[in-house]
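Below is one structure, written out as structure tokens; comments come after it.
No lab work stands behind these numbers, since they all come straight from the coordinates. Everything numeric here is computed off the predicted structure, so don't read it as measured data. Cβ: placed from backbone, ideal geometry, glycine included. Neighbour counts: every protein chain shown.
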Amino acid sequence: MSLWEAVAVFAAGLGAGTINTIVGSGTLITFPVLLAVGLPPVTANVSNSLGLVPGSISGAIGYRRELRGQWPRVLRFGVGALIGGLAGAILLLALPSSAFKAVVPGLIAVALVLVVAQPRLAAMVRAHRARNGTTAHRDGGIALFTGLLLASVYGGYFGAAQGIIYLSLMGVLLSDDLQRLNALKNVLTALVNGVAAIFFLFVAHFDWTAVILIAVGSALGGQIGAKIGRRLPPAAMRAVIVAVGLVAIVQLLLK
């Protein structure tokens with residue numbers, strides 16, 4: 001890897017760490033850069049997953065204030081994130097790279113619709129519960145756990161727009177501030193990336209130079225993203241999520 005290629009990979013890690021903390025989809029920045037510097041697709045994906053772990057942890061630490069009172073959620077959904085992340089990592093090495101390609105843009109599109117419609121959908125859910133005399137699940141119930149588990153499988157496999165899917169599901173099924181949900185999303189992403197990384201360390205090929213450059217860049221980006229993200233009001237944050245998600249869909253469809 002040349003000096004300028006190394007600079008490009010570091011910059012991509014910085015950008016990915018920032019955008020992952022705010023929204024998600026940082027993989028769509030780093031993965032194409034790793035391919036451009038000559039890494040094979042699977043090696044690039046594995047190296048990317050390893051490198052983004054420090055960024056995920058950094059972003060979660062940056063949002064620690066918004067995590068207060070959410071540790072029961074972290075424990076509950078964290079179990080699903082670990083199981084799903086490991087399953088996704090296994091699938092990455094067991095299945096052809098085309099296996100998920102056809103459904104990923106559709107998943108992101110559905111997630112974006114949920115993000116945009118989240119205030120209205122959440123109000124409809126609350127009204128339905130009120131009419132039927134039921135109360136909301138503080139933890140989102142089995143529906144949210146299952147949805148986050150499946151999103152974690154996808155995250156362990158590839159991870160582009162994983163954060164958007166998390167936010168869309170939690171935004172509809174949990175009654176809470178979007179910034180607090182983003183903090184929870186950052187922890188779950190860190191768990192998925194972490195368990196996938198541990199698995200890859202023992203069974204997959206990766207490029208240590210790329211891993212280190214992305215790790216340092218993403219860790220710095222995680223702190224930057226936390227500072228920017230918590231200043232965004234809910235409407236602005238949804239706009240950022242939609243913009244990033246649309247770019248993700250276009251990139252994936254053009255590959």
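Taking Cα atoms of the chain, Rg/Rh with Kirkwood Rh, to two decimals? Taking Rg over the Kirkwood Rh, I get 0.97.
For the chain, the longest principal axis of the alpha carbon atoms and the long axis of helix 3-22 meet at an angle near 10°.
First select every other residue whose beta carbon is under 14 angstrom from the beta carbon of residue 56; then total the charges, Lys and Arg +1, Asp and Glu -1.
Values: positive: 64, 185; negative: none.
Result for the neighbourhood of residue 56: +2.
Over the chain, Cα pairs under 8 Å with separation of 6+ residues give a relative contact order of 43 percent. The peptide list 8-20, 194-206, put in order of mean Cβ contacts within 10 Å with the highest first, becomes 8-20, 194-206.
Sequence-ordered 3J(HN,Hα) estimates for segment 175-184 from the Karplus curve with 6.51, -1.76 and 1.60 and θ = phi - 60° stand at 8, 7, 5, 4, 5, 5, 5, 5, 4, 5 Hz, glycine and proline given as x.
Assuming R0 = 41 Å, what is the FRET efficiency of residue 117 and residue 35, from their Cβ-Cβ distance, to the nearest 0.05? Efficiency computed from Cβ-Cβ geometry: 0.75. Across segment 168-173, rounded Karplus estimates of 3J(HN,Hα) from the backbone phi angles (6.51 cos²θ - 1.76 cosθ + 1.60, θ = phi - 60°) give 5, 5, 5, x, 7, 9 Hz, Gly and Pro being marked x. Estimated at 0.36 nm per residue, the fully extended path between residue 110 and residue 11 surpasses their Cα-Cα distance by 32.6 nm.
Applied to segment 154-159, the Karplus parametrisation 6.51 cos²θ - 1.76 cosθ + 1.60 on θ = phi - 60° returns per-residue 3J(HN,Hα) values of 4, x, x, 7, 9, x Hz, with x for Gly and Pro.
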